[in-house]
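Here is the structure we will look at, set down as structure tokens.
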Protein chains: 2
Amino acid sequence: MRDPLPQLPGYSLRRAAHATATELGARLATLGLRQVDASVLILIAENADITASALGRQLDIQRANMVPLLKKLEDERLIERQPLDGKSQALLLTAAGRARMEAALGIIHAFEDELLARIPARHREHLLPALNALWR
Amino acid sequence: MRDPLPQLPGYSLRRAAHATATELGARLATLGLRQVDASVLILIAENADITASALGRQLDIQRANMVPLLKKLEDERLIERQPLDGKSQALLLTAAGRARMEAALGIIHAFEDELLARIPARHREHLLPALNALWR
DNA sequence: TATTGTTATACTCTATAACTATA
DNA sequence: TATAGTTATAGAGTATAACAATA
């Protein structure tokens, strides 16, 4: 079949992101986490007392959609909330949350290594800076 | 804020794909098309008499989800179907479909050029081969 | 037996608007 | 006046199962 689409960076970006997300998602599911859950746990670990709104801004997730996301993590006792003032609340990891986050990081780093290994050596180091130029 | 996520190729891939898809989607919407619609029109143009099933396999879209997609394009008189045998049907572009496809290609190529222009020159040519190594 | 086209459906993710309370 | 957290809801996209008809 003639298929010019893989010659288009935008299309290849779409397909590569979908394929890798499916793969990583399956591995993180063994921890009961989605990619976005792992991202949240990682950011809270690095930024103690961050608020839900600030987290949403950093991850490009709307406030309204943070609610069920954080509720799930709280229900599983992975995060806790503490009032900062009358309207804001600080997020922090529980011990279980930290353990889960570290397990997720292990899966993620192993996966990243595998991804990079698939790329021919001469292209490998260019992927991350090229990607980051597209959205940061 | 400390944010280690952009150092992860898998995460950057996700964010870059989302950002670029949003942007291209807005431009294609001026033609009444989504990215997937444009992909379908392009593939039919390059492969006359392709079937819906073959199209779905190439694009990684399930047969069941091709039904409403093709129905929309047929309702807009962009594609036509002709029976190949008792159970398969050939897809082909109408004149309007070809014109719409060419307009979409114009938008897409202009967008790809812009994307590549955002990438520092020394990384630019490596993006496509690196991406394709991740899913093809 | 495998494949094509189809229907119906469920689930996830995301977007939008609106509301209350507080800074 | 802007921001935080929340509720409710709608839409898009995708996944799954099942079916009839044909190769």
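The values are calculated or read from the model by the stated rules, or taken from the named source; none is laboratory data. Quick caveat, the model's predicted, so the values are computed rather than measured. Neighbour counts run over all protein chains shown; Cβ positions are idealised from the backbone, glycine included.
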Given (1) at pLDDT 95 or above; (2) over 23 Å from A:H18 (Cβ atoms), index of the condition B:P129 fails: (2)
A:I79 being more than 7 Å from chain B (Cβ to nearest Cβ) and crowded, with 16+ Cβ neighbours inside 10 Å: yes
All positions within the stretch B:82-104 that are within 16 Å of DNA strand D (Cβ to nearest atom) and either more than 14 Å from chain A (Cβ to nearest Cβ) or touching a Ser or Thr at 6+ places or on another chain (Cβ under 8 Å) (or both): B:Q82, B:P83, B:L84, B:D85, B:G86, B:K87, B:S88, B:Q89, B:A90
Residue that is farthest from A:N132 (Cα to Cα) [pool: residues in the stretch B:117-131 that are surrounded by fewer than 19 Cβ atoms within 10 Å (Cβ to Cβ) and touching a helix residue (DSSP H, G or I) at 6+ places or on another chain (Cβ under 7 Å)]: B:P129
Count of the stretch A:105-136 residues which are among the acidic types (D, E) and within 7 Å of chain B (Cβ to nearest Cβ): 1
Only one of B:I61, B:I44 that is under 30 Å from A:L116 (Cβ atoms), touching a residue at least 12 places away in the same chain (Cβ under 8 Å), more than 8 Å from chain A (Cβ to nearest Cβ) and not in a strand (DSSP E or B): B:I61
A:D49 vs. criteria exposed (fewer than 14 other Cβ atoms within 10 Å of the Cβ) and within 14 Å of another protein chain (Cβ to nearest Cβ): yes
Leading residue by the ranking (nearest to A:I42 (Cα to Cα)) among those in the stretch A:72-103 that are assigned to a helix (DSSP H, G or I) and touching a residue at least 24 places away in the same chain (Cβ under 8 Å): A:M101
